[in-house]
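Below is one structure, written out as structure tokens; the observations come after it.
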Amino acid sequence: MNHELPPKEDPNTLDLDPDRYERANIPAGEPPKQDPVKRRRNFNEVFLGYDEKQAVVEALRCIHCPSPEPCILGCPVHNDIPRALMFIEQGDPVAGANVFRQTNNLPEVCGRICPQEVLCEGACTVAGYDKPVAIGKLEAYCSDYQRNHVGIPSREIAPATGKRVAVIGFGPAGLAVAEELRVLGHEIVVYDAWPRPGGLMVYGIPGFKLSKRIIDQKVAHLESLGIRFVGDTLVGQDVTVDELLQGNDAVFLGVGATHGNPARLPGEDLHGIYQATEFLVRGNVPVEDLPKNMRALPEFGPRIAVIGGGDTAMDCVRTAKRLQTQHGFPDGDVTVYYRRTENEMPGRAEERMHARQEGIQFEFLVSPVRFIGDTNGHVRQIEFEKMRLRARDVSGRPRPEPIPGSNYTVEAQVVVLALGYKVDPLLLKATPGVTGTKWGTVHVENEDDPMTARPGVFAAGDDVRGADLVVTATAAGRKAAYAMNAWLKYNSARTDIKTRRVLETLRV
Ligand SMILES: Cc1cc2nc3c(=O)[nH]c(=O)nc-3n(C[C@H](O)[C@H](O)[C@H](O)COP(=O)(O)OP(=O)(O)OC[C@H]3O[C@@H](n4cnc5c(N)ncnc54)[C@H](O)[C@@H]3O)c2cc1C
């Protein structure tokens, strides 16, 4: 993940008029959280959310920078944050939520799980002298308030165009494409291999970060707009893109990057070693939303090891801790092993803080060499070697290098591999004309016009960008919808993007 922030305004050069000055002196306030001892026994959300009074005070901390506002530039969907916060401070959270909904299909999700510290809040001018305004928590507050009090507002649907689109993928990219195209009057059916809509927001991200009920409410909203969801359909196997193209005018591929990278180490096939997604899904998702062969909980025991350093690793250790405390190992050990130091860890500092509060141990500068099993073929130990850091590699981070003779072993009944994700090659292989990049992602012209090499087949989200974020998938999905709308209007032969934009402007 490499998100460039816009330049921050220098607070010393800000015109601190009396109103701004007063705002700048309001102390930051965090919403209450579940106590760590209590929360490590349940999968409920950690943050309990602002109440109205706290939200108004926090919104008042926005000093309303002159345009272009850095927070808007720092947000991948370019939410008009200052305007939304102005409504919140005036005691109108519903109007605030409507501002977020103009540019974001999933404000209640992004408000909870965006890494705001490197996006909107990272760009916030207030961060130059204090904690940034808690934009994410305020986005969650006002969109929750609206959902719970008046519901997600319906959207006006344009007259039917007679065009049909098949969207593949229930994730944020697919949901955004489906909603935006439906509003433009097209008929939409969304397909997914999993039964329950949400993509990784349901089958990945644990409930203590994002309640699954929020996704269900959004899906019910989309169904009320006339979008149809068809689960349990693995496209490329149960039905092909070619078959879908026979009954549709266009197809969207929003299949994400959901395949975990292997460790490629001896012993990796031992029982008790899981890929992160399988561990999270079996530990977090209600059994009725899982295929029969995945309905048992994953194994757990007194010593669980998670290998990796990103947010997925944090989700795994915190899930493991909850499984231990709920199932008889309240004093069990859960350790995350990472080959660099904490400074280089790619995930959110907030998630690491939460993990530590919940009793997770961290081992840095170590890398596994092999997994050692017992006579039943079950993992029992991991052999590690210690690492030291050398000059920076292509990722810009110091390169870890093994220290000769430093090997040691640790006990572990369960090992979880959280080593990053790649795109499942199935759909690329099964779809003639759709080409891949050298990274295994789907090749598209560009993010504004994300048609694949196959006319009428578009793609966006993690399957194009590589594993990234809900907000970037949503942003890419919205752009794809507008490009697809142009294609649906002027298609048959491919119209180049500039011509389509001119036609769109002229409303031909
Ligand atoms: C454990 C974990 C934690 C994360 N935490 C965060 C976080 O805190 N904040 C954040 O912003 N992002 C987080 N992410 C990343 C975020 O979830 C993804 O970037 C985002 O969901 C990508 O959206 P997408 O629509 O491109 O794909 P996905 O959400 O991956 O959805 C793709 C869907 O396509 C389906 N599919 C795939 N192949 C086929 C096929 N052949 N046929 C039918 N269906 C298919 C899949 O089943 C899936 O439902 C996390 C990811 C993981 C794994």
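The values are calculated or read from the model by the stated rules, or taken from the named source; none is laboratory data. Only a predicted model underlies this, so the values are computations on that prediction, with no experimental measurement involved. A quick note on method: Cβ atoms are made from the backbone with ideal geometry, for glycine too, and the neighbour counts reach across all protein chains shown.
Here are 457, 416: which of them is among the aliphatic types (A, V, I, L, M) and away from the ligand (no atom under 13 Å from the Cβ)? Break it down into steps so the answer makes sense when it comes.
Details: 416 fails: away from the ligand (no atom under 13 Å from the Cβ).
After ruling out the rest, the residue left standing is 457.
When the residues of region 232-250 are filtered to those that are within 9 Å of the ligand (Cβ to nearest atom) and either within 24 Å of the chain's Cα centre (by Cα) or not polar (S, T, N, Q) (or both), which remaining residue is surrounded by the fewest Cβ atoms within 10 Å (Cβ to Cβ)?
Going through region 232-250, the residues within 9 Å of the ligand (Cβ to nearest atom) turn out to be 233-239.
Next, from what is left, pick out any that are either within 24 Å of the chain's Cα centre (by Cα) or not polar (S, T, N, Q) (or both): 233-236, 238-239.
On the way: 233: 15, 234: 16, 235: 23, 236: 18, 238: 11, 239: 16.
Checked region 232-250; the qualifying residue surrounded by the fewest Cβ atoms within 10 Å (Cβ to Cβ) is 238.
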Can you name the residue in region 388-420 that is closer than 30 Å to residue 374 by Cβ and under 22 Å from the mean Cα position of the chain (by Cα) and is also surrounded by the most Cβ atoms within 10 Å (Cβ to Cβ) among such residues? 416
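Listed residues 242, 232; which is in a helix (DSSP H, G or I), under 19 Å from residue 430 (Cβ atoms) and of a type in the set (Asp, Glu)?
Details: 232 fails: in a helix (DSSP H, G or I).
Exactly one residue qualifies, and that residue is 242.
Among the listed residues 263, 220, 250, identify the single one that is closer than 26 Å to residue 447 by Cβ and small (Gly, Ala, Ser). Step through it out loud before you land on a result.
Details: 263 fails: closer than 26 Å to residue 447 by Cβ; 220 fails: closer than 26 Å to residue 447 by Cβ.
Among 263, 220, 250, only 250 is closer than 26 Å to residue 447 by Cβ and small (Gly, Ala, Ser).
Here are some residues: 320, 349, 355. Which one is of a type in the set (A, V, I, L, M, F, W, C), within 16 Å of the ligand (Cβ to nearest atom), in contact with a strand residue (DSSP E or B) (Cβ under 6 Å, 6 or more places away or on another chain) and in the same structural domain as residue 386 (by TED's automatic domain parsing)? Lay out the reasoning, then the answer.
On the way: 349 fails: in contact with a strand residue (DSSP E or B) (Cβ under 6 Å, 6 or more places away or on another chain); 355 fails: in contact with a strand residue (DSSP E or B) (Cβ under 6 Å, 6 or more places away or on another chain).
Of the residues listed, the single one that is of a type in the set (A, V, I, L, M, F, W, C), within 16 Å of the ligand (Cβ to nearest atom), in contact with a strand residue (DSSP E or B) (Cβ under 6 Å, 6 or more places away or on another chain) and in the same structural domain as residue 386 (by TED's automatic domain parsing) is 320.
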Quick check on this structure: which one of 223, 156, 187 is farther than 21 Å from residue 44 by Cβ, loosely packed, with under 15 Cβ neighbours inside 10 Å and in contact with a strand residue (DSSP E or B) (Cβ under 8 Å, 6 or more places away or on another chain)? 223
Which pairs do you get when a residue that is touching a residue at least 40 places away in the same chain (Cβ under 8 Å) and part of a helix (DSSP H, G or I), found in region 106-119, comes within reach of a residue that is among the hydroxyl-bearing types (Ser, Thr, Tyr) and more than 10 Å from the ligand (Cβ to nearest atom), reach meaning Cβ atoms under 6 angstrom, with the pair 6+ apart or on two chains? 108/143
Need the failing condition index for residue 156 against (1) over 17 Å from the mean Cα position of the chain (by Cα); (2) assigned to a helix (DSSP H, G or I), just the number. (2)
Which condition number does residue 200 fail, the rest of (1) near the ligand (Cβ under 10 Å from one of its atoms); (2) of a type outside the set (Ser, Thr, Tyr); (3) assigned to a helix (DSSP H, G or I); (4) more than 24 Å from residue 178 (Cα to Cα) being met? (4)
For region 207-226, give me each residue that is outside any helix (DSSP H, G or I) and either under 19 Å from residue 289 (Cβ atoms) or within 13 Å of the ligand (Cβ to nearest atom) (or both). 207, 208, 209, 210, 211
If residue 193 passes every condition in (1) more than 11 Å from the ligand (Cβ to nearest atom); (2) part of a loop (DSSP other than H, G, I, E, B); (3) crowded, with 21+ Cβ neighbours inside 10 Å but one, which one does it miss? (1)
Please work out which residue is nearest to the ligand (Cβ to nearest atom), limiting yourself to region 84-123 and to residues that are surrounded by fewer than 24 Cβ atoms within 10 Å (Cβ to Cβ) and closer than 17 Å to residue 31 by Cβ. 113
If we ask which residues in region 140-153 are surrounded by 24 or more Cβ atoms within 10 Å (Cβ to Cβ) and either more than 25 Å from residue 184 (Cβ to Cβ) or touching a Lys or Arg at 6+ places or on another chain (Cβ under 6 Å) (or both), their number turns out to be 3
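Considering only strands (runs of 3 or more DSSP E) fully contained in region 323-405, which possess at least 2 residues that are touching a Leu at 6+ places or on another chain (Cβ under 8 Å) and over 29 Å from residue 113 (Cβ atoms)? Before the answer, list the steps.
Values: elements: 333-337, 361-363, 366-373, 379-392, 398-402.
Where strands (runs of 3 or more DSSP E) fall fully within region 323-405 and carry at least 2 residues being touching a Leu at 6+ places or on another chain (Cβ under 8 Å) and over 29 Å from residue 113 (Cβ atoms), they are 366-373, 379-392, 398-402.
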